[in-house]
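So the structure is just underneath, and the comments pick up after that.
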Amino acid sequence: MALLEVIGVQRSFYGVHALCGVDLKVGAGRITGLIGPNGAGKTTLFNCITGLVPPDRGRILLAGRDIAGMRPEQVSARGLVRTFQIARGLPRLSVLDNLLLYGGQQPGERMLPALLGSRAARRREQELIDRAVRIARRLNLMPVIRNPASDLSGGQKKLLEIGRALMSEPKLILLDEPVAGVNPALASEIGEHLKALVGEGITVLLIEHHMDMVARLCDQVVVMAEGRHLAEGSFAEMAADPRVQAAYMGRRRVAVA
Ligand SMILES: Nc1ncnc2c1ncn2[C@@H]1O[C@H](COP(=O)(O)OP(=O)(O)O)[C@@H](O)[C@H]1O
Ligand SMILES: [Mg+2]
C-alpha cells in the first residue's frame, strides 16, 4: 500500500481550475519527485494534502486513512509535514526557538500551560531542547543556533525549514523547492540530508526545479501539467517522454544532467 494516495483531487480558485482531478501515489521509504512547469499546480497540491487549502473534491489517504479537509495541525499530528517554497518561521526568534516552536505544536502540547512549573513540563521541555539540538547538529546549524533566523543565509533558512519539519517526528515530509536560490555546494548538502532521512525510514515527496537534484535523489518522478498528473516513471524515462517535453516547451526544459 502507498503511504500517501491522492485520488481525484480538484481545487479551483475563483472559477480557475488549479487542480483538475489529480491522482498520485507515494511509496514508503523512498524519495518521489514532483515536477512540472510553473503553474502546474504542484504547490496547490501540497496545500491540499497538508490541509492549508481544502480540496473541492477527491480523497487523500495517508496510510489508508482519508485526511482530505483536515486542518494542518491534524495532518501533522498524523505524521505528515511540509516545508514551504519561501522559508517561513519567525525571523526575530533564534534558530533554537524556531525549532522549539514546532516541537511544541504536537498533540497534547496545549496542556502544557496547565502543567507549567511541574516536573513533567520541565522534563518535556528538556526533551524538546535535546531534540532541537540533535536536529541542529545533524543539519550543521549548531554554529548559528542562538542567532535570529533572519541572520541565516538562504541555504541555512532552507535547512531550518527542514529542521522545523523534523521536530514533529514525521513519517512523510513534503518539500517545496528546498534548494531554490541555494548555492550548489549547500544544495548538494541538502540532497545528502534528504537521503539520510530516507535511510532512517522517513518518506519524502519533493517538488524541485533543479533537474540534476531530481535525477540524483528521486526513485520515482511524477510530472504534473495544467492541474493534472501527466506521467510518471524514472527520471530518465520522464526526461525522454515527449509528453513531458511538450509540457515544458517554451517554459523550462528538462535537461538530463
Ligand atoms: N490562493 C490562490 N488563489 C488564486 N489562485 C491560486 C492560489 N493558489 C494557486 N493558484 C493558482 O493555481 C495555479 C497553480 O499554481 P501553483 O500550485 O502555485 O503551481 P506550481 O507550484 O506548480 O508552480 C496557478 O494558476 C495559480 O495562480
Ligand atoms: Mg510552486
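Need the list of aspartates and glutamates near Lys25 for cross-linking: C-alpha distance under 15 angstrom, and skip anything on the same chain fewer than eight residues off.
Here the aspartates and glutamates satisfying the reach criterion relative to Lys25 are Glu5, Asp66, Asp219, Glu232.
Let me make sure I get this right: for region 169-228, a, b and c are the square roots of the gyration tensor eigenvalues over alpha carbons, sorted descending. Under 1.5 in a/c it's rounded, otherwise prolate if a/b > b/c, else oblate. Which is it?
Note, shape of region 169-228 comes out oblate.
Within a Cβ distance under 9 Å of Val222, other residues only, what is the Lys/Arg minus Asp/Glu net charge?
After counting each charged neighbour, the total is 0.
What net charge do the residues around Gly41 carry, taking every other residue with its C-beta under 10 Å from that of Gly41, with Lys and Arg at +1 and Asp and Glu at -1?
Value of the local net charge: +2.
Normalised by the residues of the chain, what does the relative contact order come to in percent, with Cα pairs under 8 Å and at least six apart?
27 percent
When the Cα centres of region 192-249 and region 5-49 are compared, how far apart do they sit, in Å?
Computed from Cα coordinates, the inter-centre distance equals 13 Å.
Quantify how much of the Cα-Cα distance distribution of the chain extends past 32 Å, in percent.
23 percent
Please list the helices of the chain that count as membrane-span-like by this rule: a mean Kyte-Doolittle hydropathy of at least 1.6 together with Cα atoms stretching 27 Å or more along the helix axis, each helix being a complete DSSP H run.
none
Could you work out how far apart the two model spin labels at Val133 and Arg146 are, taking each label as a point 7 Å from the Cα in the direction of the beta carbon, and quote it in nm?
That separation, rounded to one decimal, is 1.3 nm.
Multiplying the sequence separation of Leu90 and Asp66 by 0.36 nm and subtracting their Cα-Cα distance, what value in nm do you get?
Going from the current span to full extension adds 5.5 nm.
Need the C-alpha centroid separation for region 146-180 versus region 52-70, integer Å.
24 Å
Can you tell me what share of the DSSP beta bridges in region 164-257 is antiparallel? A percent to the nearest 5 is fine.
Here the share of antiparallel DSSP bridges comes out near 50 percent.
Applying 1/(1 + (r/R0)^6) with R0 = 35 Å to the Cβ-Cβ distance of Phe13 and Arg122, what FRET efficiency is obtained, to the nearest 0.05?
0.15
In deg cm²/dmol and to the nearest 500, what is the mean residue ellipticity at 222 nm of the chain if only DSSP H runs of at least 4 residues count, each as -39500 (n - 2.57), divided by the residue total?
-11000 deg cm²/dmol
Rounded to the nearest 5, what % of the DSSP beta bridges within the chain are antiparallel ones?
In the chain, approximately 55 percent of DSSP beta bridges are antiparallel ones.
Which value, in debye to the nearest 20, gives the size of the charge dipole of region 121-184 about its Cα centre, when Lys and Arg are +1 and Asp and Glu are -1 at the Cβ?
Charge dipole, region 121-184, about its Cα centre: 320 debye, nearest 20.
In debye, nearest 20: dipole of the chain around its Cα centre with unit charges on the Cβ of K, R (+) and D, E (-)?
The dipole of the chain has a size of about 560 debye.
Each value in this text was obtained by applying a stated rule to the coordinates, not by laboratory testing. Since the structure is predicted, the reported quantities are computational estimates derived from the model, not experimental observations. Neighbour counts are summed over all protein chains in view; Cβ atoms, including those assigned to glycine, are modelled from backbone coordinates with ideal geometry.
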